[in-house]
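**Q** What follows is a structure written as structure tokens; I'll ask about it next.
The values are calculated or read from the model by the stated rules, or taken from the named source; none is laboratory data. All of these numbers come straight from a predicted model, not from anything done at the bench. Neighbour counts are summed over all protein chains in view; Cβ atoms, including those assigned to glycine, are modelled from backbone coordinates with ideal geometry. Areas reflect the complete protein model, heavy atoms only, side chains present, ligands, DNA and RNA absent. Shrake-Rupley method; radii C 1.70, N 1.55, O 1.52, S 1.80 Å.
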Amino acid sequence: VTIDAQPATPAAPTATATLQPTCSVATGTITVSAPMGSGITYSIDGTNYTNTTGIFTNVAAATYAVTVRSAAGCTSSPTSVTVDAQPATPAAPTATATLQPTCTVATGTITVSAPTGTGITYSIDGTNYTNTTGIFTNVAAATYAVTVRSAAGCTSFPINVTIDAQPATPAAPTATATLQPTCTVATGTITVSAPMGSGITYSINGTDYTNTTGIFTNVTAATYAITVRSAAGCTSLPTSVTIDAQPATPAAPTATATLQPTCTVATGTITISAIMGSGITYSINGTDYTNTTGIFTNVTAATYAITVRSAAGCTSLPTSVTIDAQPATPAAPTATATLQPTCTVATGTITVSAPTGTGITYSINGTNYTNTTGIFTNLAAATYAVTVRSAAGCTSLPTNVTIDAQPATPAAPTATA
């Protein structure tokens, strides 16, 4: 009868967790690499020894006492192997566009505020997880699926964050000076005709954008840089518009009556000696400004308000000039021979009885008007054309007066006793 040798107890197994749970798989794998052999079975719970491969799959997270059992039923000492808990998947991130593109910057910034922690990395494209701050700068306009990845490599659900398109900068405005200063109004009007639209505002100083109509009134003389600003706050390039200086009003002219009416000419001449210059026109009635010389001829008797008008249409204050009435021509005189020659006096006298008055002078030869009394004495026999001249120098028609020949004295008589 043979008593067998005592069955050998297997050595404690060599066993490892060859697969640990992942972000998407909750279980792991334990693999026993030794001892191997015929009749060897394996257990991770110390009870069930049905496993003959040494590979345990779908193992939930825990620490296991791995043992082997020989064909003789001897069980080894245990080897402890741990299957880790499944790594936690991060929550969907809290992320916002903390900076949007501006009028001058085409990109924005996305900032992830949670989750944070050691080993957390961030992505806006689902591929690149090198960002460890959660701040993405210089981000082009688009909608991004922002995700976070844990140190274990687990990726969160995405949250969409949109970087807006860069606001468009308005085109330089179409603007003109629709009203310029006039002779009586010192300011002008600037009107912007484009661009128009909701939220568009306008400025003529680059600072104040309260104007929503594009019409600027009461604008003083200067050159202005007109700009428009969009609802997004983008400012256009400027358009230059000039409001001219107010046209100068000419001074009142220097004007005189250079010719007055005479005894034979019923009209006079008004001459303007200043203001002169290009584009200056003149008027004696305040209406007709066709005169460019400043000389007005054939002007009838009256008092005139002389004005000048500049090329810009500004009219001066008036200067008063009077054209006198035409001097009156005296009537033909009333004249008679008040004394005729006598037998002893060879000359006669002509007396003018009318007209008389201050400044009236008389002539019997049409040349000499030194006589102021109207009495001409010592006149030889002849027929005289008697005329009178007024103080203004106007000469009457003549009145003929005859001084008779001296009566002849008879010869001494022939007489006899």
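**Q** Testing residue 207 on (1) open to solvent by 20 Å² or more (accessible area, probe 1.4 Å); (2) assigned to a loop (DSSP other than H, G, I, E, B); (3) in contact (Cβ under 8 Å) with a residue 24 or more places away in the chain, one condition comes back false. Which one is that?
**A** Here residue 207 meets the rest and fails (3).
**Q** Could you look through the range 256-312, keep only residues that are of a type in the set (S, T, N, Q), touching a residue at least 60 places away in the same chain (Cβ under 8 Å) and assigned to a loop (DSSP other than H, G, I, E, B), and pick out the one that is least open to solvent (accessible area, probe 1.4 Å)? I'd like the intermediate steps shown before the answer.
**A** Going through the range 256-312, the residues of a type in the set (S, T, N, Q) turn out to be 256, 258, 260, 262, 264, 267, 269, 271, 273, 278, 281, 283, 285, 287, 290-293, 297-298, 300, 303, 307, 310.
Remaining after also requiring touching a residue at least 60 places away in the same chain (Cβ under 8 Å): 256, 260, 262, 310.
The next check asks that each one be assigned to a loop (DSSP other than H, G, I, E, B); those that pass are 260, 262, 310.
Numbers: 260: 61, 262: 59, 310: 20 Å².
Among those that are of a type in the set (S, T, N, Q), touching a residue at least 60 places away in the same chain (Cβ under 8 Å) and assigned to a loop (DSSP other than H, G, I, E, B), it is 310.
**Q** Take residue 286 and tell me if it is on the phi > 0 side of the Ramachandran plot and over 31 Å from the mean Cα position of the chain (by Cα). Break it down stepwise before answering.
**A** Values: on the phi > 0 side of the Ramachandran plot: yes; over 31 Å from the mean Cα position of the chain (by Cα): yes.
When the stated conditions are applied, residue 286 passes them.
**Q** I'd like the residue in the range 381-406 that is of a type in the set (Gly, Ala, Ser) and out of contact with any Gly (no Cβ under 9 Å at 6 or more places or on another chain) and, out of all such residues, is nearest to residue 335 (Cα to Cα). Show your work before the answer.
**A** Taking the range 381-406 as the starting set, the residues that turn out to be of a type in the set (Gly, Ala, Ser) are 381-382, 385, 390-393, 396, 405.
Checking the rest, the ones that are also out of contact with any Gly (no Cβ under 9 Å at 6 or more places or on another chain) come to 382, 393, 396, 405.
Working: 382: 15, 393: 20, 396: 13, 405: 18 Å.
Checked the range 381-406; the qualifying residue nearest to residue 335 (Cα to Cα) is 396.
**Q** Any residue in the range 321-331 that is open to solvent by less than 80 Å² (accessible area, probe 1.4 Å), of a type outside the set (S, T, N, Q) and within 29 Å of residue 249 (Cβ to Cβ)?
**A** Yes, the range 321-331 contains a residue that is open to solvent by less than 80 Å² (accessible area, probe 1.4 Å), of a type outside the set (S, T, N, Q) and within 29 Å of residue 249 (Cβ to Cβ).
**Q** Could you list all residues from the range 379-413 that are open to solvent by 60 Å² or more (accessible area, probe 1.4 Å), polar (S, T, N, Q) and out of contact with any strand residue (DSSP E or B) (no Cβ under 8 Å at 6 or more places or on another chain)?
**A** Once the filter is applied, which keeps residues that are open to solvent by 60 Å² or more (accessible area, probe 1.4 Å), polar (S, T, N, Q) and out of contact with any strand residue (DSSP E or B) (no Cβ under 8 Å at 6 or more places or on another chain), the range 379-413 yields 406, 409.
Yes/no matrix, rows are residues, columns are (1) without any contact (Cβ under 8 Å) to a residue 24 or more places away in the chain; (2) among the hydrophobic types (A, V, I, L, M, F, W, C):
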{"site": "372", "(1), (2)": "yes, no"}
{"site": "383", "(1), (2)": "yes, no"}
{"site": "387", "(1), (2)": "no, no"}
{"site": "397", "(1), (2)": "no, yes"}
{"site": "402", "(1), (2)": "no, no"}
{"site": "410", "(1), (2)": "yes, no"}
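**Q** What strands (runs of 3 or more DSSP E) lie completely within the range 23-67 and have 3 or more residues being open to solvent by 50 Å² or more (accessible area, probe 1.4 Å)?
**A** Numbers: elements: 28-34, 41-43, 55-59.
Qualifying strands (runs of 3 or more DSSP E): 55-59.
**Q** Would you be able to tell me the number of residues in the range 332-351 that are open to solvent by 70 Å² or more (accessible area, probe 1.4 Å), in a strand (DSSP E or B) and hydrophobic (A, V, I, L, M, F, W, C)?
**A** 1
**Q** Just give me the residues in the range 132-145 being part of a strand (DSSP E or B) and open to solvent by 80 Å² or more (accessible area, probe 1.4 Å), in sequence order. Write out each step before concluding.
**A** If we filter the range 132-145 for residues that are part of a strand (DSSP E or B), which is where we start, we get 135-139, 142-145.
Residues satisfying the conditions are 135, 137, 138, 143.
**Q** Mind checking which residues of the range 358-378 are open to solvent by less than 90 Å² (accessible area, probe 1.4 Å) and not in a loop (DSSP other than H, G, I, E, B)?
**A** Hits for the range 358-378 are 361, 362, 363, 371, 375, 376, 377.
**Q** Separate question: Among the residues of the range 146-179, which ones are open to solvent by less than 40 Å² (accessible area, probe 1.4 Å) and either closer than 26 Å to residue 24 by Cα or in a loop (DSSP other than H, G, I, E, B) (or both)? Give the derivation first.
**A** Here is the first cut: in the range 146-179, the ones open to solvent by less than 40 Å² (accessible area, probe 1.4 Å) are 146-148, 150, 153-154, 156, 161, 163, 167, 170, 173, 175, 177.
The answer is 146, 147, 148, 150, 153, 154, 156, 161, 167, 170, 173.
**Q** Given 214, 233, which one is surrounded by 12 or more Cβ atoms within 10 Å (Cβ to Cβ) and at pLDDT below 95? Show your work before the answer.
**A** Working: 214 fails: at pLDDT below 95.
None of the others qualify; the one that does is 233.
**Q** Shifting gears a bit: Which ones in the range 68-95 are more than 30 Å from residue 33 (Cβ to Cβ) and surrounded by 13 or more Cβ atoms within 10 Å (Cβ to Cβ)? Please lay out each step first, then the result.
**A** As a first pass, look at the range 68-95 and keep what is more than 30 Å from residue 33 (Cβ to Cβ): 88-95.
89, 90, 92, 93, 94, 95 - these are the residues of the range 68-95 that are more than 30 Å from residue 33 (Cβ to Cβ) and surrounded by 13 or more Cβ atoms within 10 Å (Cβ to Cβ).
**Q** Given the condition hydrophobic (A, V, I, L, M, F, W, C) and closer than 30 Å to residue 124 by Cβ, answer yes or no: does some residue in the range 167-177 qualify?
**A** yes
**Q** Still on this structure, I have one more. Take the residues in the range 313-331 that are within 20 Å of residue 393 (Cβ to Cβ) and part of a loop (DSSP other than H, G, I, E, B); name whichever of them is farthest from the chain's Cα centre (by Cα).
**A** At the first step, the residues of the range 313-331 found to be within 20 Å of residue 393 (Cβ to Cβ) are 322-331.
Now drop any that are not part of a loop (DSSP other than H, G, I, E, B), which leaves 324-331.
Details: 324: 56, 325: 58, 326: 60, 327: 63, 328: 66, 329: 69, 330: 73, 331: 75 Å.
It comes out as 331.
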